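What follows is a short report on a single structure.
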Amino acid sequence: MEHNTYGDGKFQHLKFSDAGQEISVGVIEPGEFHFTPDQEETVTCLTGEITVNDTTINPGEKVIIPKNEPFTISAATPSSYMCFYR
């Protein structure tokens, strides 16, 4: 299990592997964060509301982020997510 922290602790996640599938679960405090993934990421909102680039997702909704495509993820209120990597 791997714990990652970004943005002075406002964006944190735990990354783990289950049957060879890399997964992370995380929390986002209000703010905006910039990343460039080295794998495709499927992000599902668990609580709150998360915006990835111009797409806002609510609990149960997901967005796919292509490999090597820079993106901005933000939240206006504390929110949580699950991410599957490919």
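Bear in mind that the values in this text are calculations on the coordinates, not laboratory data. What you see is a predicted model; the values in this text were computed from it and never measured. Here the Cβ is made from the backbone with ideal geometry for all residues, glycine too, and neighbour counts use every protein chain on show.
Some notes on this structure:
- Of all residue pairs spaced 6 or more apart or on separate chains, those with beta-carbon atoms under 6 Å, a first member in region 23-35 that is touching a residue at least 60 places away in the same chain (Cβ under 8 Å) and a second member that is surrounded by 15 or more Cβ atoms within 10 Å (Cβ to Cβ) and charged (D, E, K, R) are Ser24/Lys15.
- Among the residues of region 1-39, the ones that are closer than 21 Å to Asn58 by Cβ and among the basic types (Lys, Arg) come to 1 in all.
- Failed item, numbered, when Met82 is tested on (1) in contact (Cβ under 8 Å) with a residue 24 or more places away in the chain; (2) surrounded by fewer than 17 Cβ atoms within 10 Å (Cβ to Cβ); (3) out of contact with any Ser or Thr (no Cβ under 8 Å at 6 or more places or on another chain): (3)
- Here Thr51 meets each of (1) under 15 Å from Met82 (Cβ atoms); (2) surrounded by 14 or more Cβ atoms within 10 Å (Cβ to Cβ); (3) touching a residue at least 24 places away in the same chain (Cβ under 8 Å); (4) of a type in the set (S, T, N, Q) with one exception, condition (1).
- Region 1-44, residues that are surrounded by 12 or more Cβ atoms within 10 Å (Cβ to Cβ) and either outside any strand (DSSP E or B) or small (Gly, Ala, Ser) (or both): Gly7, Lys10, Ser24, Gly26, Glu29, Pro30, Gly31, Pro37, Gln39, Glu40
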